[in-house]
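Okay, structure first, notes after.
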Amino acid sequence: MLKIFAAIVFLGLLSGCASAVPISTPLLSREYPEGLVGEKKVLLTGFQTQAGKCFREEIEVYLRESKGFAVLTSPEPLDDRQLEKVIEGQKVNFVLSGDVDRYEAGSNAKDRNLTVGYFTAFIITAPIAFFYAASTDWKGYALASAKMSVVDTKTDETIWSLKDSTSINEQGNELVSDDKIKKALLPIACKNLVTKMLNNFMRSYATNKRKND
């Protein structure tokens, strides 16, 4: 009977590993200035690393949804000659480049789950597993740091540059894996950092546009 009880405890706790990771950190809102008319062509370069993939995708989405920019991308890095050819051939207005300096996530879920597993391995300590799981939380974090700059192809001058970072922290009582926590938190950090940085660019762009109009 005790063996059956321990098995039920063990299976019940493990079934929690299939749970989705609850996220309380909100996504930042995009701040598009008024009066963005006529699409300016932006060539997106850089962010070629695996960590940069999310950033490239989020930058594309952000700019396309602004209704004021058309985004051109290159799957491979461009040398100076190739870059100049694309700029002239596609009549590019701006070149946005950048890279990811830091992109990581972690949690205490692995140690927490190992402890729960240890208690469920013995019949006499199986009830402790429930108590331990209920009284301790998993805690996870994600960090992202990146740099971006925009060059005006007409003047060949850098009109905006920024290096920034963001971090998020989450915790919960569910029995979820360390891998699931990381996969849930990293995209939020990526999305929020891109939004934070490009909101800054949009404010700068709108200010300069009003000055020049």
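The values are calculated or read from the model by the stated rules, or taken from the named source; none is laboratory data. On a predicted model such as this, the values are computed, not experimentally measured, just so you know. Neighbour counts run over all protein chains shown; Cβ positions are idealised from the backbone, glycine included. The protein model used for the area step is the full one, side chains on, heavy atoms only, and it has no ligands, DNA or RNA in it. Shrake-Rupley method; radii C 1.70, N 1.55, O 1.52, S 1.80 Å.
A few notes on this one:
- Here the spin labels are modelled as points 7 Å beyond Cα on the Cα-Cβ line, and at Thr25 and Ile159 they lie 3.2 nm apart.
- Cα lying deepest toward the dipole's positive end in segment 172-213, options Ala184, Asn199, Asn173, charges on Cβ: Asn199
- Separation in nanometres of the label points that stand 7 Å from Cα toward Cβ, at Lys40 and Lys211: 1.3
- Accessible surface, 1.4 Å probe, highest first, among residues Leu44, Leu162: Leu162, Leu44
- In this view, the solvent-accessible surface of Lys183, computed with a 1.4 Å probe and all protein chains in place, comes to about 140 Å².
- Taking a ≥ b ≥ c as the square roots of the eigenvalues of the alpha-carbon gyration tensor, segment 35-80 is classed oblate because a/c is 1.5 or more while a/b is no larger than b/c.
- Rounded to the nearest Hz, the phi-derived 3J(HN,Hα) couplings of segment 58-72 under the Karplus curve 6.51 cos²θ - 1.76 cosθ + 1.60 (θ = phi - 60°) are 5, 5, 4, 4, 4, 5, 5, 6, 6, 6, x, 9, 9, 9, 10, where x marks glycine and proline.
- Contour excess over end-to-end distance, with Cα ends at Ser167 and Leu72 and 0.36 nm allotted per residue: 31.3 nm
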